[in-house]
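A short write-up of the structure that comes next.
The values are calculated or read from the model by the stated rules, or taken from the named source; none is laboratory data. The structure displayed is predicted, hence computed values, not measured ones. All Cβ positions, even for glycine, are placed from backbone atoms using ideal geometry, and neighbour counts span all protein chains on display.
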Amino acid sequence: MPSTVLGEPRRPVPVRTILATIGLVLATAVALLLVYEVRRTLVWIVVAVFFTIALYPLTNWVERRLTRFHRTVATLLVFLVVLVVIAGLITLFAVPLAREGASFATQLPALVDDARAGRGPVGNLLERTHALSYVQNNQERISSFVTGLTTPAAGVLRGVATGVAGVITVFVLALLMVLEGPKVVEGTLNLIDRPSTRERVRRVSADCAKSITGYISGNLLISVICGVLTYAVLKFSGVPFAGLIALFVAVADLIPLIGATLGAVVAIVAAAIHSIPALIAAAIFFVLYQQLENHVLQPVILARTVKLNPLAVLVSILVGVELAGILGALLAIPVAGIIQVILRDVWDHRRGEAKDEVTVGEERQPAL
């Protein structure tokens, strides 16, 4: 007699349904495995998309205003300018470092003798921190530690090679994305049959791109503020190469999560080599500035550029860092801005108040 549930006969589950469920589970597992295996390539693609969105408006402006040639010419011109700027920054770092490196190599024996005798800024620092006595008492431990550092040299070289390959890949991807962007966008929108839905997707996409561009411009502004304040502190303290160090700090500040700390370490080391008062001033400045940047500058500036509430900016950064580390910190604010754009569009259509033009933020400022 067939089993019943609440008086009705229980129907057996069709074999096709079971097989379809098993197939979906297996397909999901394979897809997740594939994403995990190509995660490095996906990160490169995401970074390339960021550069594409940042350079896309500039390429369009060059195409409209400065040239009447094909889009290829405008794209190549913009990327050539980017290459020149990057080469200029590298030269700005490399030339002083090479010059000072050669000078340091000639002065190294005298500096070592002064350090051992407790003379000069380095010797005074070692004498006050009792570093020389520590080195003398722990020579065997330090030697074994230095020997162990040579073991992962091959891994470091592989990491450098991977980083170089990643930079080249991101550059080429961004170039192709900017070049073929209009065709891809129009081709994707043409897949939508209804004109009203197509225009709605176009407006929402423009809002999302504007949000990402605002994040990039806001991040650049924060880095400029960091570099200017660092230069002022180092210059006032008399630290040599204050401009070069401040430029490095500003560029490092663009890196989420660890960039500010990396720049601060370099600047503090340079200040410590110069003098103890400069070390104290630099340490106090960076401790205070990082608190200011993390809790005031980032929420306020990014709230104005991305059009997010300062609380939402801070919460999105914390959640992004917790979920995906550096990449999460990089994507947290743009993703929050995109979510806000989509939710606002859905809410407006639910209420029958869809906007007639592309706008950004609560103030509904025109995006185009």
Quiz item: Which residue out of LEU254, LEU220 is in a loop (DSSP other than H, G, I, E, B) and either assigned by TED's automatic domain parsing to the domain that holds ALA332 or under 30 Å from ARG344 (Cβ atoms) (or both)?
Solution: LEU254
Self-check item: Failed item, numbered, when THR213 is tested on (1) within 25 Å of ARG344 (Cβ to Cβ); (2) among the polar types (S, T, N, Q); (3) surrounded by fewer than 20 Cβ atoms within 10 Å (Cβ to Cβ)
Solution: (3)
Exercise. From the list ALA209, ALA282, ALA271, ALA232, pick out the single residue that is of a type in the set (Gly, Ala, Ser) and either closer than 21 Å to ALA54 by Cβ or modelled with pLDDT under 85 (or both).
Key: ALA209
Quiz item: Can you name the number of the only condition in (1) of a type outside the set (Lys, Arg); (2) part of a helix (DSSP H, G or I); (3) within 29 Å of ALA270 (Cα to Cα) that VAL239 fails?
Solution: (2)
Quiz item: In the set ALA250, ALA232, which member is touching a helix residue (DSSP H, G or I) at 6+ places or on another chain (Cβ under 9 Å), buried (at least 20 other Cβ atoms within 10 Å of the Cβ) and at negative phi?
Solution: ALA250
